[in-house]
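The next block holds one structure in the form of structure tokens; read it before the comments.
The values are calculated or read from the model by the stated rules, or taken from the named source; none is laboratory data. Remember, predicted model here, so these are calculated numbers, not experimental data. No Cβ is skipped: glycine too gets one built from the backbone with ideal geometry, and neighbour counts run over all protein chains shown.
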């Protein structure tokens, strides 16, 4: 390696991402249901009670959509556009009985997640009976999960905002083992590169950078949100069951994930399979 390349590598390795904390505020909330008015009122009241736990107070403007307010996905998008909410609460399989099956979020929610900029809290369908007993009771444990935590301030800020006082915020960064192994397999075929050394150093660097970012987050949140405890998982993984294990093991009340990908129409990365699989766990999709 030339001296210029060595200098550049040293310089780049010294650069660390910083974390900027911004408190997320909500001035309008929309509850989307396919229930009758009486049923929707009961459902929205339970959400309002829950909202007080996470600091969404009575000054917030609340709107509720009932079964009669929309039929098609375009109807739903029109209603959301008119409301312009800062946060949406809804549940999977609107206007469908498919909540019996763990195969999709339903076409209404699929479209809503992709076509609106508002963050969406997805709850278990109220008819399903799948909800945990403490769903909509508290947010003692909130987990933000991604494969690209580095410099993802928005994800962290939403997750930190929704942890109740004295709760625990988990920041989870998972590197894809299969992708890592694919590239290391290619590197192993390049004679000039020591494969064992490259494997060790690349693995270390992939985990070090999100770890350093989490350290920055911890420093800032100790000042901005001293009442919460920050914990982290930074590791390699490759199976959906492994991610679900973390969520179940730590009894997560709310899972926060990025759902939009500017490069594609479909939902971002592991967000969709996790959203489909986790029928019992409330999700916040950004």
Working only within the stretch 97-117, note down all residues that are in contact (Cβ under 8 Å) with a residue 40 or more places away in the chain, assigned to a loop (DSSP other than H, G, I, E, B) and crowded, with 17+ Cβ neighbours inside 10 Å. 105
Candidates 87, 30, filtered to the one that is modelled with pLDDT of 95 or more, buried (at least 17 other Cβ atoms within 10 Å of the Cβ), within 30 Å of residue 216 (Cβ to Cβ) and touching a strand residue (DSSP E or B) at 6+ places or on another chain (Cβ under 8 Å): 87
Among the residues of the stretch 131-154, is any exposed (fewer than 15 other Cβ atoms within 10 Å of the Cβ), on the phi < 0 side of the Ramachandran plot and more than 21 Å from the chain's Cα centre (by Cα)? yes
All positions within the stretch 234-255 that are in contact (Cβ under 8 Å) with a residue 24 or more places away in the chain and either farther than 14 Å from residue 177 by Cα or in a loop (DSSP other than H, G, I, E, B) (or both): 238, 244, 246, 247, 250, 251, 252, 253, 254, 255
Residue among 39, 17 that is assigned to a helix (DSSP H, G or I) and either in contact with a helix residue (DSSP H, G or I) (Cβ under 9 Å, 6 or more places away or on another chain) or in contact (Cβ under 8 Å) with a residue 60 or more places away in the chain (or both): 39
Every listed condition ((1) touching a helix residue (DSSP H, G or I) at 6+ places or on another chain (Cβ under 8 Å); (2) touching a residue at least 60 places away in the same chain (Cβ under 8 Å); (3) closer than 17 Å to residue 279 by Cβ; (4) surrounded by 17 or more Cβ atoms within 10 Å (Cβ to Cβ)) holds for residue 121 save (1)
